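K.L.:
Below is the structure I would like to discuss, written out as structure tokens.
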């Protein structure tokens, strides 16, 4: 079964509908009813194709065992765990860490309980990587290099630098202990390197793309080393997968949420804001940003017709962004859907003390809990948006923070993945490719001198020089 | 004069124009020409009104002296500097710190050269604040509480908690040494508290709103304590202010960039992506996100007519987001303008070593510098977007990172502020208020029990209960 009621996440879509919004905004119930057949068809297609991510919650007992074994053998060797990966090979790692481990984990030894610090540079900024290496004791550091093909220029560049520095520091013969390779099981440059250097290896399944890989070794290895309950995470995902075997969208949170997003897009609400009221979920919103944008932003549909379609995901954070973005969401064009995430139990409580009882504008705060203020602000913002006719929904998470809640996060991640796949079906595009990134990548290869990209190199250097009159 | 040529930031708008883009995308030169009068009028209005932020680069010699004096007296007392503020009282602090101090500054003592760590919790998440207090040695910590009115519920709640904890830790009689108040000079609850507790005080000018306050004590105090050259920052802003006295938009980077954004909005490109190719500028993009959204997202124009206008700012990061958002920017709807920031000299260099020379897909990287890869990726992405007809521009910064470059950052911040004010004039809205945030705030006050908000409290509790059928 899918876990007890109070351990389940829920999706509240009341405020997506005109009947619950002031004014003319919002969807009509008939619009959803009319989608039923399409959703059922999408369900059949997904059930038949079973894209790779759908297998991850179920088929990884051996993978988990291997990860736990490596952690067992090595955990006392490392104070620092560095993920060298970019995009889908980085965002999942960051999201798991900030959602499930305590804030200030890296800085505060007491909060780490013996686990290594986690670093995910996720960029080729020279200042950032230089200062990172200056901060780490390389003797006590392991790098997990993540790239399916081993051709990702950013990841491989950082790897080459790290490989040299580690060799200088610990001696060439000991390099093996400081790297893990997460890559294809059967092809590619990183696999070649890993074999040559005798690095421990984990496989990225062929049919799991970067943005759908958080529940594969891509996300699981760093999580396990940092003490996160990866089995719980997978169980949570499996719970959600089972709940989502239901083809009726009113029984299926992923389908319901995905369908409403799709309908809203066609009403002109082309931006999907994800706004968790939990600082710990900010990086889940960032992870989702890739998932939603890269899966659904497509030039052509599956018949090869030009469509240039795709909602724009926006990452926001409550209560912080009430003081930054809510003005726009309330009063600007009605072109967004706000998807809140609310956490019922935050795992820590802080009482606001009763000080300055003579000061009217301050004294009312005393005696409340901070979590009460945070969740009140969410509900107040929700009500304010609804009273302006602005569509919004809420994903409700029973609890967060602390490893025991990995199971709840697993539900959320899988739900958002499946929702994205469903939306891909409804938009009638391929949600699993990313042809639009090739051109820029190929120019970079050309300029950097990679064999076979001479034409792109020429094209790059033949581009028009910028006109100085247009530089001010 | 406005600083030497190679110390100036520049704005390259070539790729905003149809002549430089493939296909039908982009602006026509005539459109800009037709804006000339409007921009000149806006220039006259701004020169007459002189909104508060325009004075900040010039009138703060005494403020800077007072900040430096406090720093001088107290710098050995603190290992930790905590900013308690939210929105405009937090984002500027974060932006200055990450742009001008080294990455991993908090974690690595060597990189701090004796300055305190900086923490900006910027939220009322109980987990985050609890773990922060557990991480700090309160004996060695100072809190700068920032709120003009002292009624900001989030900031005051954190202050009350911190005030009690500090008193418990260091004794009531020593509390004074652990707080600074940055607030109105003449009214409000925080001023009252600061007087009662005898905290050092810095004034937020009446006519400087939160999102325009980074160059006031709101941003300067924490920056100074963390070793940032605040005089250089203000000089840079003054350099840009002088450059922008020019009413001709082809001579004025703020007006040119602002006008093109405005035109693009009316062409249907309602999202402004700011995408720095420097990890250190990611939080400048976040600061800008508030500036642009809260200033320009307005329900009514200055004649009180309903307009619901406002571009949506989006924060992106190169090269990272090439692996997350570029697919959408290349192939999705043509509804964005991409504003890159390019840094010519990153301040650190890292050479990629020549390893694995027999591996074709990897060996070409060796011998290049990491900064070369990063900037090549920017230019490759720019070319790819242009070849798809997607409007883009580039703000070019000569150098970054290290305190000596505060002067360059100061130019950028002032330019973006002025650009926002100009856009406010063009959109014909009040860029300096935020009426849309009041409703949610008032519901929160009501629920929390603040005097005078009983009606909003009633309204909140009278709202319709969510229909269970719409919760899945």
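Where a number appears in this text, it was derived from the coordinates with a stated rule and is not lab data. If you're wondering where the values come from, they're calculated on a predicted model, not measured in any experiment. Cβ: placed from backbone, ideal geometry, glycine included. Neighbour counts: every protein chain shown.
K.L.:
How long are the three semi-axes of the equivalent ellipsoid for segment B:205-244, computed from the Cα gyration tensor as the root of 5 times each eigenvalue, in whole Å, largest first?
P.N.:
Semi-axis lengths for segment B:205-244 are 17, 16, 6 Å.
K.L.:
Another question about this same structure. Given chain A, report the % of alpha carbon pairs whose separation exceeds 29 Å.
P.N.:
Looking at chain A, the distances longer than 29 Å represent 53 percent of pairs.
K.L.:
Which percent, to the nearest 5, of DSSP beta bridges fully inside the protein assembly as shown are antiparallel?
P.N.:
20
K.L.:
In terms of the ratio Rg/(2.2 N^0.38 Å) built on C-alpha atoms, what value belongs to segment A:61-158?
P.N.:
1.11
K.L.:
Still on this structure, please answer the following. How fast does segment A:4-139 diffuse by Stokes-Einstein, in µm²/s, taking the Kirkwood radius from C-alpha pairs at 25 °C and 0.890 mPa s?
P.N.:
122
K.L.:
A further question on this structure: Can you give the relative contact order of segment A:427-466 as a percent, counting alpha carbon pairs under 8 Å and 6+ residues apart?
P.N.:
Over segment A:427-466, the number comes to 27 percent.
K.L.:
Give the calculated FRET efficiency between residue A:58 and residue B:300 to the nearest 0.05, with a Förster radius of 45 Å applied to their Cβ-Cβ distance.
P.N.:
Using R0 = 45 Å, I get an efficiency of 0.25.
K.L.:
Also, quick follow-up: Could I have the simple spin-label model distance between residue A:266 and residue B:68, label points 7 Å from Cα toward Cβ, reported in nm to one decimal?
P.N.:
6.5
K.L.:
Jot down the per residue volume, in cubic angstrom and as a whole number, of the convex hull over the alpha-carbon atoms of segment B:386-455.
P.N.:
Given the Cα convex hull of segment B:386-455, per-residue volume reads 231 Å³.
K.L.:
In nm, give the distance between the simple-model label positions of residue B:172 and residue B:197, each being 7 Å from the Cα along the Cα-to-Cβ direction.
P.N.:
1.4
K.L.:
Right, next: Can you work out the PRE-style zone for residue B:76? Point 7 Å along Cα to Cβ, and I want the residues of segment B:173-217 with backbone N under 19 Å.
P.N.:
B:177-178
K.L.:
Would you kindly calculate the mean projected area, averaged across all directions, of the convex hull enclosing the Cα atoms of segment B:155-212, in square nanometres?
P.N.:
4.2
K.L.:
In terms of the Cα gyration tensor, with a ≥ b ≥ c the square roots of its eigenvalues, is segment B:310-397 rounded because a/c is under 1.5, prolate because a/b exceeds b/c, or oblate?
P.N.:
Prolate.
K.L.:
Can you figure out the FRET efficiency of residue A:47 with residue B:24, using R₀ = 41 Å and their beta-carbon distance, to the nearest 0.05?
P.N.:
Efficiency at R0 = 41 Å is approximately 0.50.
K.L.:
What are the label-to-label distances in nm, one decimal and shortest first, from residue A:433 to the same spot in the other copies, with labels 7 Å along Cα to Cβ?
P.N.:
Copy-to-copy label distances for residue A:433: 5.2 nm.
K.L.:
In deg cm²/dmol and to the nearest 500, what is the mean residue ellipticity at 222 nm of chain A if only DSSP H runs of at least 4 residues count, each as -39500 (n - 2.57), divided by the residue total?
P.N.:
Computed ellipticity for chain A at 222 nm equals -13500 deg cm²/dmol.
K.L.:
Rounded, prolate or oblate: which fits segment A:220-344, taking a ≥ b ≥ c as square roots of the Cα gyration tensor eigenvalues, rounded meaning a/c under 1.5, else prolate when a/b beats b/c?
P.N.:
The shape class here is oblate.
K.L.:
Using a simple spin-label model with points 7 Å from Cα along the Cα→Cβ vector, what separation in nm is obtained for residue A:33 and residue B:37?
P.N.:
It is 5.5 nm.
K.L.:
Peptide A:290-300: average number of partner chain Cβ atoms within 10 Å per residue?
P.N.:
Average per residue, whole number: 5.
K.L.:
Taking the C-alpha atoms of the protein assembly as shown, how large are the radius of gyration and the largest Cα-Cα span, Dmax, in Å?
P.N.:
Spelled out, the Cα radius of gyration and Dmax of the protein assembly as shown are 26.6, 76 Å.
K.L.:
Still on this structure, please answer the following. Sequence gap at least 6, Cα distance under 8 Å: using those rules, report the relative contact order of chain A to the nearest whole percent.
P.N.:
Relative contact order for chain A comes out at 22 percent.
K.L.:
Next up: Determine the shielding of peptide B:251-259 by partner chains: average, over its residues, the number of Cβ atoms on other chains within 10 angstrom of each Cβ.
P.N.:
Partner Cβ neighbours, averaged per residue: 1.
K.L.:
Right, next: Across the residues of B:379-388, average count of Cβ atoms on other protein chains within 10 Å?
P.N.:
6
K.L.:
How big is segment A:324-472 along each principal axis, measuring the range of its Cα positions in Å and listing the largest first?
P.N.:
Principal-axis extents of the Cα atoms in segment A:324-472, largest first: 73, 46, 33 Å.
K.L.:
Something else about it: Hey, what does the equivalent ellipsoid look like for segment B:126-283, semi-axes from the Cα gyration tensor as sqrt of 5 times each eigenvalue, largest first, whole Å?
P.N.:
38, 19, 16
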